[in-house]
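Undergrad: There's a structure below that I have some questions on.
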Amino acid sequence: MNAVAPDPNAALLEREVVSFVIDSREVQSGDVFFALSQPEYRNNCFNGDFEDSTRYVPSAFEKGAAASVLRRDRFDEHRAYLKPFLDRLFLVDDAIAALQRLAHGVYREWNGPVVAITGSAGKTTAKELAAHVLESSGRKVLRNIKNYNNALGHPLTVLKLAKDQSYDVAVLEMGMSTPMNEIQRLCRITPPDVAVELNVLPVHVQHLGSIENVANAKAELIEGMKDGGVAVLNADDPFVAAMSNLSKGKTITYGIEQKADVMATNIRFVQFGETRFELQAGDDLEEVAFPLNGIHNILNALAAGAVGLHFGMTVGEIAKSLETTCAPPQRGEILRFAEGFTVINDSYNSNPAALLSMVHTLVEGGVGAARRIVVAGEMLELGTGEKEIHRETGEKLAGSGIDMLIGVRGLAHELVEGALVSGLNNAVFAANSDAAGDLLAAEIKPGDLVLIKGSRGVRTEKVLEKLLERFEQQQK
């Protein structure tokens with residue numbers, strides 16, 4: 001970790017520490033508290049302003065922390081109130097980099113296989129599916145909780161191995177949003193044995209400049225894989241398919257439209273919560289009753305299936321496992337209400353392709369619905385063409401077969417305008433998610449089928465919260 005202990009406590013140096021935290025509110029007895037400050041965040045790919053948590057070092061020790069790691073300059077600046085704890089402080093140049101080096105050391109001691117997953121959309125769902133498939137084979141799987149896929153969440157996940165090295169495999173999503181080689185940095189912590197690329201979409205273009213730059217950033221996963229490893233690539237995405245040239249070992253492809261090693265054929269939408277398809281790999285073919293909806297989720301399932309095949313599972317075993325999975329929170333959850341309407345909650349993230357895919361699912365599965373209503377938040381970080389992208393997406397929504405559109409916040413006004421000029425008369429704009437929730441709650445009727453699609457920054461989950469305040473959810 002390249003840390004200096006100015007006045008080390010001899011007993012501390014002999015102590016085994018297995019728990020590490022960055023939030024002083026979560027400190028428990030025996031933890032090591034990493035006190036982060038603005039320079040670390042800036043140097044490690046985080047946008048925005050962050051609080052200097054050096055001030056919380058004393059309270060961390062009051063809660064029983066064994067030690068604290070912080071920047072040398074922060075110690076010098078706050079020496080007056082940190083000096084009493086000098087024998088339990090470790091001083092470093094960069095506390096986030098120190099956390100990452102520590103995680104790498106723990107990973108090397110564990111020395112198990114790593115499945116790393118990235119893509120512009122679907123990372124968390126694909127991670128959960130891959131972990132579920134491998135767990136069904138009897139393996140103990142370490143995975144990121146929630147979307148802990150960045151310069152902090154990733155090492156904190158890996159550091160769980162310090163407490164428990166009995167995991168058979170780690171399935172880790174890796175995210176990026178800046179041109180600062182984020183995925184390359186994460187691969188240095190845990191070089192992937194299996195590198196899974198889902199898709200390249202015009203997301204984070206605001207920070208990276210072009211979709212080509214997004215593709216290059218995502219390709220860092222393949223460049224960072226171990227020699228002799230496996231690249232799992234989406235054959236239906238041209239940017240991803242082109243990454244086969246970067247593979248340092250075997251390549252497994254998956255897809256629906258393009259011929260691939262792992263494919264889904266004969267896809268049928270049965271009802272919300274059940275899509276059927278045939279999972280094919282070579283000469284092996286198995287029917288799957290898949291609980292998630294949308295082509296994008298079938299692609300995620302194929303990626304997970306490719307991972308399972310690499311680890312020696314049969315097509316039949318993978319198909320059986322996929323039938324017992326469920327949607328992660330806010331990613332295609334289906335909620336039925338006692339008043340007779342149904343809501344699909346997909347409010348975690350959004351981009352044009354994902355929105356249109358879910359709308360297609362809504363229309364296809366909502367033939368018997370009284371109305372098909374879409375609540376769509378503005379889509380973030382689309383770059384210089386964001387207004388045009390929103391308007392064009394609105395035009396496509398108008399022709400999709402939906403009955404009503406509620407655009408939420410900012411550029412969703414362009415989404416609504418595009419829909420209106422293209423013939424969808426029932427399209428309205430709400431300034432924020434609270435207003436959209438009130439509007440929908442006043443409008444909704446028995447038999448309606450609603451899709452809520454948005455990004456965390458727009459907080460479209462508040463739309464659902466408004467419904468839950470006023471209506472009773474049907475008991476399962």
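Undergrad: Let me make sure I get this right: for the range 125-166, a, b and c are the square roots of the gyration tensor eigenvalues over alpha carbons, sorted descending. Under 1.5 in a/c it's rounded, otherwise prolate if a/b > b/c, else oblate. Which is it?
TA: oblate
Undergrad: A follow-up question, please. Pop out the carbon and sulfur fraction of the accessible area of the chain as a percent, whole number, probe 1.4 Å.
TA: Values: 9140 of 19600 Å².
Of the solvent-accessible surface of the chain, carbon and sulfur hold 47 percent.
Undergrad: For ASN213 and THR384, FRET efficiency with R0 = 22 Å and r from the beta-carbon atoms, rounded to 0.05?
TA: Approximately 0.95, to the nearest 0.05.
Undergrad: Now a separate question. How large is the accessible surface of SER422 in square angstrom, using a 1.4 angstrom probe and rounding to the nearest 10?
TA: 60 Å²
Undergrad: Also, I was wondering about something else. Using a 1.4 angstrom probe and counting only protein chains, how large is the accessible area of HIS207 in Å², to 10?
TA: We get 60 Å² for HIS207.
Undergrad: Which shape class applies to the range 404-476: rounded if a/c is under 1.5, otherwise prolate when a/b exceeds b/c and oblate if not, where a ≥ b ≥ c are the square roots of the Cα gyration tensor eigenvalues? Could you put the intermediate results ahead of the total?
TA: Working: a/c = 2.31, a/b = 1.47, b/c = 1.58.
It is oblate, given that a/c is not under 1.5 and a/b is not larger than b/c.
Undergrad: Still on this structure, I have one more. Given the C-alpha centroids of the range 248-316 and the range 158-225, what is the distance between them in whole angstrom?
TA: 23 Å
Undergrad: Compute the accessible area per residue over the chain, keeping the other protein chains in place, probe 1.4 Å, unit Å².
TA: Spelled out: the 1.4 Å probe surface of the chain, per residue, equals 41 Å².
Undergrad: Same structure, new question: Which of the pairs LYS123/LYS218; LYS83/LYS163; LYS123/LYS387 have their Cα atoms more than 19 Å apart in this structure?
TA: Correct reply: LYS83/LYS163; LYS123/LYS387.
Undergrad: Tell me, what is the 1.4 Å probe accessible area of MET176, in Å² to the nearest 10?
TA: Here the accessible area works out near 10 Å².
Undergrad: Hey, another quick one. Step through the residues of the range 402-415 one at a time and calculate ³J(HN,Hα) from phi using the Karplus curve (6.51 cos²θ - 1.76 cosθ + 1.60, θ = phi - 60°), rounding each to whole Hz and writing x for Gly and Pro.
TA: Karplus values, whole Hz, x for Gly and Pro: 7, 9, 8, 10, 10, x, 10, 6, x, 5, 5, 4, 5, 4.
Undergrad: Given the convex hull of the Cα atoms of the range 112-202, what is a quarter of its surface area in nm²?
TA: 5.6 nm²
Undergrad: Go through the range 247-318 and name the trypsin sites (Lys or Arg not before Pro) that are in a DSSP coil and have 10 or fewer other Cβ atoms within 10 Å of their Cβ.
TA: Answer in residue order: LYS259.
Undergrad: With equal scatterers on the alpha carbons only and no solvent term, can you work out the Debye log10 of I(q)/I(0) for the range 125-274 at 0.14 1/Å?
TA: One equal scatterer on each Cα of the range 125-274 leads to -0.75.
Undergrad: What share of the DSSP beta bridges in the chain is antiparallel, in percent to the nearest 5?
TA: On the way: 20 of 70 bridges.
Antiparallel bridges make up about 30 percent of those DSSP assigns within the chain.
Undergrad: So for the range 249-397, what percent of the C-alpha to C-alpha distances run longer than 19 Å?
TA: 58 percent
Undergrad: Label GLU443 and LYS250 with points 7 Å out from Cα along Cα→Cβ: what is the distance between them in nm?
TA: Roughly 5.1 nm, to one decimal.
Undergrad: Expressed as an acute angle from 0 to 90° and rounded to the nearest 10, what is the orientation of the C-alpha long axis of helix 386-398 relative to the principal long axis of the chain?
TA: 40 degrees
The values are calculated or read from the model by the stated rules, or taken from the named source; none is laboratory data. No experiment lies behind these values; they were computed from the predicted model shown. A quick note on method: Cβ atoms are made from the backbone with ideal geometry, for glycine too, and the neighbour counts reach across all protein chains shown. Just the protein is used for accessible areas: all its heavy atoms, side chains included, with ligands, DNA and RNA removed. Shrake-Rupley method; radii C 1.70, N 1.55, O 1.52, S 1.80 Å.
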